[in-house]
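A.B. asks: Starting off with a structure, shown below.
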Amino acid sequence: MQFVQDRRLTLIKPDNLEEVDLPVTVQWDTRDFTAAPLGSQPRENTGLFGVFVDRYPMAPGESIRTLVADEVPTCAANPDECLTPAFLRDSIGLYLTTKNRVPIERVGAAQTTSQGVHFVVVVLIDSAGRRIGEAVWYRSFKVRDSS
């Protein structure tokens, strides 16, 4: 483990344990990291953001393809077919973006999280789809009851 605080990303919204309405926008600032889409020319400190909702990310160095193939049996034969933004969002709770924010439209059932608290984990992903380093940025929030 690195035991070094990675300051390339700072979460801004929502505040920790804030009560929010859906959709909630998760927003962050970055420094010393340049956003680039999946499949672009690999460069140091360049890639995209992986935002995981109510789940933990893949291990450092692991790829999105491996994550999909391991977790979704129908994707094991050809994980590339399962790498669409909609599939990743709906099947494994992963939003990929090159922007510094992402709207989260839905979360897991409240009973699956502790006391109705949901969370997002943001990680850096290189242009080949592999998680960069061990750093994670984590934020918990509660969804306001709409009933």
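A.B. asks: Kindly indicate which of Arg65, Arg55 is on the phi < 0 side of the Ramachandran plot, assigned to a loop (DSSP other than H, G, I, E, B), open to solvent by 20 Å² or more (accessible area, probe 1.4 Å) and in contact with a Gly (Cβ under 9 Å, 6 or more places away or on another chain).
C.D. replies: Arg55
A.B. asks: I'm trying to understand the selection: among the residues of region 1-27, which are out of contact with any Phe, Trp or Tyr (no Cβ under 7 Å at 6 or more places or on another chain) and either aromatic (Phe, Trp, Tyr) or not in a strand (DSSP E or B) (or both)?
C.D. replies: Met1, Gln2, Phe3, Val4, Gln5, Asp6, Arg7, Asp15, Asn16, Asp21, Leu22, Pro23
A.B. asks: How many residues, within region 1-44, are polar (S, T, N, Q), farther than 17 Å from Val136 by Cβ and surrounded by fewer than 14 Cβ atoms within 10 Å (Cβ to Cβ)?
C.D. replies: Counting residues in region 1-44 that are polar (S, T, N, Q), farther than 17 Å from Val136 by Cβ and surrounded by fewer than 14 Cβ atoms within 10 Å (Cβ to Cβ) gives 3.
A.B. asks: When you scan region 120-136, how many residues do you find that are farther than 13 Å from Val51 by Cα and outside any loop (DSSP other than H, G, I, E, B)?
C.D. replies: 1
A.B. asks: What pairs come up if the first residue lies in region 93-106 and is within 18 Å of Gly129 (Cα to Cα) and open to solvent by 100 Å² or more (accessible area, probe 1.4 Å), the second is among the hydrophobic types (A, V, I, L, M, F, W, C) and modelled with pLDDT of 95 or more, and their beta carbons are under 8 Å apart, counting only those six or more places apart or on different chains?
C.D. replies: Lys99/Ala35; Lys99/Phe49
The values are calculated or read from the model by the stated rules, or taken from the named source; none is laboratory data. If you're wondering where the values come from, they're calculated on a predicted model, not measured in any experiment. Positions of Cβ are generated from backbone atoms using ideal geometry, with glycine treated the same way; all protein chains shown enter the neighbour counts. The area values use the complete protein model at the heavy-atom level, side chains included, leaving out ligands, DNA and RNA. Shrake-Rupley method; radii C 1.70, N 1.55, O 1.52, S 1.80 Å.
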